[in-house]
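Working notes, structure below.
Coordinate-derived values only; no laboratory data. All of these numbers come straight from a predicted model, not from anything done at the bench. Please note: Cβ atoms are built from the backbone with ideal geometry, for glycine as well, and neighbour counts cover all protein chains shown.
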Ligand SMILES: Nc1ncnc2c1ncn2[C@@H]1O[C@H](COP(=O)(O)OP(=O)(O)O)[C@@H](O)[C@H]1O
Ligand SMILES: [Mg+2]
């Protein structure tokens, strides 16, 4: 077979491969949306994080503003310490709420930041004090049953 | 010239596994001569060529090529020795994915930095020598057995080797091709000043042009001499071989228990 | 002999011969790596082999990927619609392809299409003394024949696997969006949010690279080691498919458990 034709085919093959990989990275994967620019790190403590995982999104008003970097356990306070990486473009006031929510009924869990009114902004290494734990389905159900039961007994 | 004998085999023993194929063989191949190794099929003739080429190591004894002990060479050394050799394989062993031209050009392209124009000239010259310049565009599958062997011969002499080894160059050829090859071997030997080692079981051809002949049987050299000496030889083995008798010192039957025993006591 | 002894010696024989083969395959692998510089210095040798292993496998890869993607789309839809989340169909298709089916099915098809061709070619070259002839010309067959084919396989496999995954996702899209009627935007955005470039795409690539090394070296070894007869070569070809497939599945389990654990 002619050498140049062979070269052209192989070149085409490699080009298609790279195009496929780019497609996988951009269209299928989240390489673009994933790349936070420069970030700052804050922490938040929770009694219960439910099923929160590292790399889960941090959203504010539904927009992804950062990602969860790591989750540790504080043996002094017996609490979960979650480290968040937030994009530098999005400063948040000191009294921001960091709540753990679930997308949909059984979807993945994420942290939602709800800005407060403080004049000072969170800086690198700060801790968010206002947090709300993950909703644990079993607790919810038992609360529901309990309240039902007490209603019944009142009747 | 350093040594009179470019290849020497001394007390060589070799075998596959526990079976000894060669027991204490000694041979010398003088420079510029055509030496033939003859023997029945499967007596280890090809293996001797492979030992000379350093593809396998002897169990005992040694092969020297150009004064160097083959099996003591490292990879580099063996490759250097092999560059002095050309080998014509029994079935040609042409590279089936390359054309006739590229096959002959192959060793030149691999071992020299000659410009393509010069390689072209050299290849055509070699192909011309075997009478196949017109076939340079063909693929090996398009060649007849005799043509393929001639192309392989052109490839074997591509780098003008000092030693040319031929493995059964006449097997399976029609009489005309055989005469052509026969002629070529002699001319190449004289024109290139090379040393030829020919493995064959073709008595007539070997006797017609070899300078010296070794007979191998039972793993050792059964007889040796010039064709003239050998044709007069009274050795029963040589007699049997030269005259093509069916039974004699070389038995027709493979080693077996007695026929009667086999028939009656087969389990 | 006692039948128990017979069985035992049979087992022992099998085990030692397997280990022996593994050892000599490893040796060939090391030699191939040592002689690699040759196949990069003379890149056209490798390019030629990429044509025969990679380009020639494209059609079977693309067609299979398309159908696998469509089937995943259908199956995913039937399951997901019960839970009212048929928009997640894109996520399911993409994750299944990127993490498992892309690398694994590509490797299995590669073993059947390119691996057998490599084994048969090398086996026949050996049977017709072409390798011997090369050695007698003071040219290493490992440098000239084995190494370029090895690198061609190793380069082709991740490319083929990427193409497989991408075409598979397109097949899934075709079933989900125009045929079933899942929302176009939801299909892509769900996929985009849930597929992680590092975890899913890169790990899939790593897998297919490892499979590429394994499949190619198995095919080369089987050919190089084949008895130089017609029967020997045909058996070696069969062994290439069996050994490659089992190796790929085994390696996939090991790699997956490593990747999941961190
Ligand atoms: N690689 C090998 N392994 C085991 N036995 C071999 C091998 N090569 C050749 N033999 C055996 O060695 C013997 C001699 O082979 P060979 O040298 O080809 O004979 P010849 O060329 O004289 O016909 C044969 O019986 C053959 O079966
Ligand atoms: Mg022979």
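Quick notes on this one:
- Span from the region C:204-249 Cα centroid across to the region B:58-81 one, whole angstrom: 34 Å
- A viscosity of 1.567 mPa s and a temperature of 4 °C, combined with the Kirkwood radius over Cα pairs in Stokes-Einstein, give a translational diffusion coefficient for region C:160-262 of 78 µm²/s.
- Enclosed volume per residue, in Å³, of the convex hull spanned by Cα atoms of region C:116-157: 46 Å³
- Between 0 and 90°, nearest 10: helix C:147-174 axis offset from chain C longest Cα axis: 20 degrees
- Angle between chain C longest axis and helix C:184-194 axis [Cα atoms, degrees, rounded to 10]: 60 degrees
- Residue order, fewest to most beta carbons within 10 Å, for A:147, C:86, C:24, C:244: A:147, C:24, C:86, C:244
- Note on chain A: GNM, Cα springs under 10 Å; of A:132, A:79, A:143, the largest mean-square fluctuation is that of A:143.
- Rh by Kirkwood over Cα pairs, then Stokes-Einstein D for region B:121-267 at 1.002 mPa s and 20 °C, µm²/s: 120 µm²/s
- Residue by residue along B:85-95, Cβ atoms of other protein chains within 10 Å of the local Cβ number 4 on average.
- Normalised contact order of chain B, rounded percent, pairs of Cα under 8 Å and 6 or more residues apart: 24 percent
- Sorted largest first, extent of region C:1-112 alpha carbons per principal axis (Å): 65, 54, 20
- Per-selection Rg to Rh, region B:22-151 - Cα, Kirkwood hydrodynamic radius: 1.01
- Cα-only Debye scattering, region B:1-94: base-10 log of I(q)/I(0) at q = 0.11, 0.14, 0.26 Å⁻¹: -0.31, -0.52, -1.59
- Sorting the segments C:104-114, C:121-131, B:179-189 by their residues' average number of neighbouring beta-carbon atoms within 10 angstrom, most packed first, yields C:104-114, C:121-131, B:179-189.
- Most tightly packed first, judged by the mean number of other beta-carbon atoms within 10 Å of their residues, the peptides C:89-102, C:176-189 read C:89-102, C:176-189.
- Bridge type composition, the protein assembly as shown - antiparallel percent by DSSP, nearest 5: 65 percent
- Normalised by residue number, the volume inside the convex hull of the Cα atoms of chain B is 166 Å³ per residue.
- Peptide B:75-83 has a mean shielding of 2, counted as Cβ atoms of other protein chains within 10 Å of each residue's Cβ.
- Debye log10 I(q)/I(0) for region C:35-261, one point scatterer per Cα, at q = 0.08, 0.16 Å⁻¹: -0.35, -1.02
- The mean sequence separation of alpha-carbon pairs under 8 Å and at least six residues apart, normalised by the residue count of chain C, gives a relative contact order of 32 percent.
- When peptides C:164-172, B:18-26 are ranked by their average number of other Cβ atoms within 10 Å per residue, the highest-first order is C:164-172, B:18-26.
- Principal-axis tilt of helix C:203-225 within chain C, Cα atoms, nearest 10 degrees: 30 degrees
- Histogrammed with a bin width of 5 Å, the alpha carbon distances of region B:86-132 distribute as 5, 20, 28, 30, 14, 3, 0 percent, first bin at zero.
- The alpha-carbon atoms of the protein assembly as shown, seen along their principal axes, cover 131, 71, 52 angstrom, with the largest extent given first.
- Pairwise centroid distance, computed over Cα atoms, of region B:151-189 with region C:42-63, Å: 38 Å
- Extent along principal axes [Cα atoms of region A:1-145; Å; largest to smallest]: 75, 43, 31
- From the C-alpha gyration tensor of region C:120-211, square roots of 5λ in Å: 46, 15, 7
- Rotationally averaged projected area of region C:90-162 (alpha carbon convex hull; nm²): 5.1 nm²
- Counting only other chain Cβ atoms within 10 Å of each residue's Cβ, the peptide C:163-171 averages 4.
- Computed over chain A, relative contact order equals 23 percent, with contacts defined as Cα pairs under 8 Å that lie 6+ residues apart.
- The Kirkwood radius of region B:100-200, taken over pairs of alpha-carbon atoms, gives through the Stokes-Einstein law at 4 °C and 1.567 mPa s a diffusion coefficient of 94 µm² s⁻¹.
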